[in-house]
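Below is one structure, written out as structure tokens; the observations come after it.
The values are calculated or read from the model by the stated rules, or taken from the named source; none is laboratory data. Computed from a prediction, not measured in an experiment: that's the story for all the values here. In this analysis, Cβ positions are derived from the backbone assuming ideal geometry, glycine residues included, and neighbour counts consider all displayed protein chains. Heavy atoms of the whole protein, side chains included, go into the accessibility calculation; ligands, DNA and RNA do not. Shrake-Rupley method; radii C 1.70, N 1.55, O 1.52, S 1.80 Å.
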Amino acid sequence: MKAIFITFFLFLHFFIANDSIAQKKYPYNITGIISNPVNTKIYLALDSGVANGQKKIIDSAAIINGAFNLKGQTNIGMYAIFVSSNKQWKRVFVDGSKINIMMNKDSIYMAKVTGSLEMDLLEQFDKKIKPIKSIEQKLLETMLGYQKRQRTDSLNLVLPEFKATQARLYQEVKEFLAVHPNSYAALDLYDRYGKKLYSDSVIISKINAMPEKYKELGLYRSILSKHQSTLTFAVGHLFQDFELPEHIDNRLFNTKSLDGKYKLIDFWASWCVPCRNENPNLKKQYSKYQKKGFEIVSVSIDIDTLAWKRAIKEDQLPWKQVIARQKDPRISAYHIIQIPTSYLVDPKGKIIAINPRGEKLEKELAKIFNDI
């Protein structure tokens, strides 16, 4: 079953790129016409943080007779345009290009932006995949509904279409990256989908081959850091233990307490369909090998604690259950950007397999416990 991207379904990033520390300044000249004008100002702010209401304003200009002009110098990167009286915004990419914007004050997010090749590429691609993402989201909602009502047969009938839809999406991304490998849009797509398409080392190689100007971006640094860190969790490396609260009494549990045993560290969430679908197999393997020295620790990234506890009860999961928030520093080193994600660790704390699920996990455990 395809993994679910946390950033796609929660619309959250674990690591918000901050472009404010780039050194080279690029000119910007943004002109625009706004229909149904109001006697107020238009603002240019860093794109990162806008969605959370954290607007770092770079510049502002008065709207006069429906027209405005923002002009100055700033770091290369993605910015947001917004009107003070409106909570909507429109993304623009600043790289020295002259930009023109046509917008309506009541639907700023639908503004037409011209003059920026990078913005055009990104918007054209997002427009192209929008129908696929819409189908994917509807299928996910359908599966979640079946799962909630415990209609496993109906859920399994939808799974093939869900897999096929995700495959279509990822193929579109790969084809775009092949044609536009040196664009900002490519960097944006490596951030959103790279982990699903390539290994960490391949992604690092690809973004390092991009134009130098993009290496000034906080987004580049974020992607690089994320995948370099993930490499430290490769097979053969030591797993980094953590301490998190359990679901029963909120008592802290440390994975180091399981030293001397084989353990599967499984990152999941109650809303993650492939995670829930894997639980019957985990229960089977746990029942078979627990007395031989095999343990499981499930780490939930649920926001809704009640939904998490309800899923544990519904799926009847007997092993250790702990919870962490998406930005919890205790698990930030793992850079979990998709779920399910799991690590099979040996008694000495060394990672021996990554994402062993289904038949792969069964074979790994059979080999370990000589049960072939």
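Within region 348-372, the residues that satisfy the criterion of being open to solvent by less than 40 Å² (accessible area, probe 1.4 Å), assigned to a loop (DSSP other than H, G, I, E, B) and either of a type outside the set (A, V, I, L, M, F, W, C) or closer than 17 Å to N279 by Cβ (or both) are G349, P356, G358.
Which residue pairs have Cβ atoms under 7 Å apart, sit 6 or more places apart or on different chains, and have a first residue in region 300-325 that is open to solvent by 70 Å² or more (accessible area, probe 1.4 Å) and a second that is assigned to a helix (DSSP H, G or I) and not basic (K, R)? As it stands, the answer is P318/Y286, since those pairs meet every condition given.
Results for (1) at pLDDT 75 or above; (2) among the hydrophobic types (A, V, I, L, M, F, W, C), shown as yes or no for each residue.
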| position | (1), (2) |
| --- | --- |
| S20 | no, no |
| K24 | yes, no |
| Y43 | yes, no |
| Y79 | yes, no |
| M110 | yes, yes |
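When I135 is evaluated against the numbered criteria (1) touching a helix residue (DSSP H, G or I) at 6+ places or on another chain (Cβ under 8 Å); (2) of a type in the set (V, I, T); (3) more than 30 Å from K313 (Cα to Cα); (4) open to solvent by less than 50 Å² (accessible area, probe 1.4 Å), which criterion, by number, is the only one it fails? Looking at each condition in turn, I135 falls short on (4). Exactly one residue among Y184, Y170 is surrounded by fewer than 19 Cβ atoms within 10 Å (Cβ to Cβ) and among the aromatic types (F, W, Y), and that residue is Y170.
Considering region 220-246, the residues that are of a type in the set (A, V, I, L, M) and loosely packed, with under 15 Cβ neighbours inside 10 Å include one that is nearest to V297 (Cα to Cα), namely L238. For region 293-309, a tally of residues being in a strand (DSSP E or B), more than 23 Å from the chain's Cα centre (by Cα) and not charged (D, E, K, R) returns 2. What number of residues in region 55-87 are of a type in the set (S, T, N, Q), in contact with a Pro (Cβ under 9 Å, 6 or more places away or on another chain) and part of a strand (DSSP E or B)? Adding up the residues that qualify gives 2. For region 198-211, check the following and say yes or no: at least one residue is within 24 Å of I132 (Cα to Cα), surrounded by fewer than 20 Cβ atoms within 10 Å (Cβ to Cβ), in contact with a helix residue (DSSP H, G or I) (Cβ under 6 Å, 6 or more places away or on another chain) and not charged (D, E, K, R). No: zero hits.
Residues in region 257-281 that are without any contact (Cβ under 8 Å) to a residue 60 or more places away in the chain and either out of contact with any Lys or Arg (no Cβ under 9 Å at 6 or more places or on another chain) or assigned to a loop (DSSP other than H, G, I, E, B) (or both): S257, S270, N279, P280.
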